[in-house]
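The values are calculated or read from the model by the stated rules, or taken from the named source; none is laboratory data. Remember, predicted model here, so these are calculated numbers, not experimental data. Glycine gets a Cβ as well: all are built from the backbone with ideal geometry, and neighbour counts include every protein chain shown.
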Number of protein chains: 2
Amino acid sequence: MAEVKVFGAWGSPFSKRVEMGLKLKGVEYEYIEEDLKNKSTLLLKYNPVHKKIPVLVHNGKPISESLVILEYIDEAWEGPNILPKDPYERAKARFWAKFIDEKCVPPMWKACWSIGEEREKAKEEASEALKFLENEINGQKFFGGDTIGLVDIAANFIGYWFPITEEIVGLELMTQDKYPNLSKWAYEYCNCSFVKENLPPNDKLVEIFKGIIQAQPASN
Amino acid sequence: MAEVKVFGAWGSPFSKRVEMGLKLKGVEYEYIEEDLKNKSTLLLKYNPVHKKIPVLVHNGKPISESLVILEYIDEAWEGPNILPKDPYERAKARFWAKFIDEKCVPPMWKACWSIGEEREKAKEEASEALKFLENEINGQKFFGGDTIGLVDIAANFIGYWFPITEEIVGLELMTQDKYPNLSKWAYEYCNCSFVKENLPPNDKLVEIFKGIIQAQPASN
């Protein structure tokens, strides 16, 4: 049997992307929780370039960068497709996954944890980016159509982590009236059985985020 | 016959990536030069998200983001492979192409055009990133092995644009003694016939870069 290991962090949406990909394919794996403040020698050996989780190790061969790993999982194992089969649809999926990483996640995170002018700028950037996603999902259950695919998994931060964070920091950015399609998608995604079973517990994330707030008195 | 159009800018390494991909596959295309200071309605229609070149339009369907386009070209047309066939080798190629875009090109460009402390920081970052590439090419003619592939095309800025810019701005970062493998690769890549024929003329780039220097008196 192939040896599959995931080096991750329980609360990381990037780490969870890899686990979701493996779960979707029905691949069994050993999960190794990394202490991000004291990274293991193995993690640094497997990802000497970025020194970051997640890392997938398949038969001793390491792969890092969550989107790269998801494409690898899709190509290395049989099972439900992560990317569509049609070249144009594949290109669109890659485009939106990249868009989420570059244009959505950074300003959304910054909108939560910055203050003043920086927060306003981030909110504006995030709103603009989310509008494109809101438009893209239009009429579909998932970004992947009827089933979960690359873009849905890439957007897991938007569907689960962000609403939790928003509530804690008192941000009202991704509201149901402004983003009805995205809100519906977030509900569908998080309630899909294999996703639901693998999301980090809400209360543990809340605890972490509240800790960040307490450590940043200036943001209150 | 399929209708293939490329919206690009003659001096852009990202635009040239797309053309190199099409040339490698032997795909004929119509090239449309965009005025980046006055972008066409068609470009804005085809890439409403980023409003940037390059855009590939295949039978009326637009694709943007040069690395996404290269993967599309590889999947949509027969001919020499842009990505390897083996899933692990494909993951490695995607990893390094992403690394070039995120960790090499931005600090290399900044090292050329910034001053003072910002320049020193960018030089340091660029040197670190290039060391990883120097190590990765070790012993191979191209990043793709014996033939040009995704990483070589993605690295075209490093092979052609950067040495020209370095000389003009008086930077000595990617020297032959510090980066012998990369320097040899740059020579091999730029002298590969289909690449050579499609690189923008050296003197035209020199003219553009000298124009930038003149417009930035503070950097002299």
Being among the small types (G, A, S) and under 15 Å from B:T147 (Cα atoms) is the filter; apply it to the stretch B:167-199 and report the residue that is modelled with the lowest pLDDT. B:S193
Quick check: is even one residue across the stretch B:10-22 of a type in the set (G, A, S), part of a loop (DSSP other than H, G, I, E, B) and within 23 Å of B:L205 (Cβ to Cβ)? yes
A:F132 vs. criteria at pLDDT 95 or above and at the interface with chain B (Cβ under 10 Å from one of its Cβ atoms): yes
Every residue from the stretch A:11-47 that is within 19 Å of A:E197 (Cβ to Cβ) and of a type in the set (D, E): A:E19, A:E28, A:E30, A:E33
Check whether at least one residue in the stretch A:150-162 is within 13 Å of chain B (Cβ to nearest Cβ), under 30 Å from A:E3 (Cα atoms) and not hydrophobic (A, V, I, L, M, F, W, C), and report yes or no. no
With respect to B:I32, determine if the residue is within 14 Å of chain A (Cβ to nearest Cβ), at pLDDT 95 or above and touching a Gly at 6+ places or on another chain (Cβ under 9 Å). no
Residues of the stretch A:143-154 classified as outside any helix (DSSP H, G or I) and either crowded, with 18+ Cβ neighbours inside 10 Å or of a type in the set (V, I, T) (or both), total: 5
Return the residues of the stretch B:192-215 that are touching a residue at least 40 places away in the same chain (Cβ under 8 Å), under 28 Å from B:P80 (Cβ atoms) and either assigned to a helix (DSSP H, G or I) or in contact with a Leu (Cβ under 8 Å, 6 or more places away or on another chain) (or both); say none if nothing qualifies. B:F194, B:V195, B:L205
Starting from residues that are outside any helix (DSSP H, G or I) and facing another protein chain (nearest Cβ under 8 Å), keep the ones in the stretch A:49-84 and report whichever is nearest to A:Y29 (Cα to Cα). A:H58
Would you mind finding the one in B:K103, B:K52 that is within 30 Å of B:E124 (Cβ to Cβ), in the same structural domain as B:E172 (by TED's automatic domain parsing) and surrounded by fewer than 22 Cβ atoms within 10 Å (Cβ to Cβ)? B:K103
May I ask you to list the residues in the stretch B:173-191 that are assigned to a loop (DSSP other than H, G, I, E, B) and either surrounded by fewer than 18 Cβ atoms within 10 Å (Cβ to Cβ) or among the β-branched types (V, I, T) (or both)? B:T175, B:Q176, B:D177, B:K178, B:N191
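Every residue, every condition in (1) loosely packed, with under 14 Cβ neighbours inside 10 Å; (2) closer than 18 Å to A:K16 by Cβ; (3) within 14 Å of the chain's Cα centre (by Cα); (4) touching a residue at least 60 places away in the same chain (Cβ under 8 Å), yes or no:
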| position | (1), (2), (3), (4) |
| --- | --- |
| A:G116 | yes, no, no, no |
| A:E124 | yes, no, no, no |
| A:N138 | yes, no, no, no |
| A:K141 | no, no, no, no |
| A:I158 | no, yes, yes, no |
| A:F162 | no, yes, yes, no |
| A:L171 | no, no, no, yes |
Those residues of the stretch B:124-142 which are charged (D, E, K, R), assigned to a helix (DSSP H, G or I) and out of contact with any Leu (no Cβ under 6 Å at 6 or more places or on another chain) amount to B:E124, B:E125, B:E128, B:K131, B:E136
Residues (more than 18 Å from B:P62 (Cα to Cα) and either among the hydrophobic types (A, V, I, L, M, F, W, C) or in a loop (DSSP other than H, G, I, E, B) (or both)) located in the stretch B:23-32: B:L24, B:G26
Output for the stretch A:112-129, where each listed residue is hydroxyl-bearing (S, T, Y) and within 22 Å of A:V206 (Cα to Cα): A:S114
Residue count, the stretch B:34-49, condition surrounded by fewer than 14 Cβ atoms within 10 Å (Cβ to Cβ) and among the acidic types (D, E), comes to 1
Go through the stretch A:85-100 and count every residue that is crowded, with 19+ Cβ neighbours inside 10 Å and outside any helix (DSSP H, G or I). 0
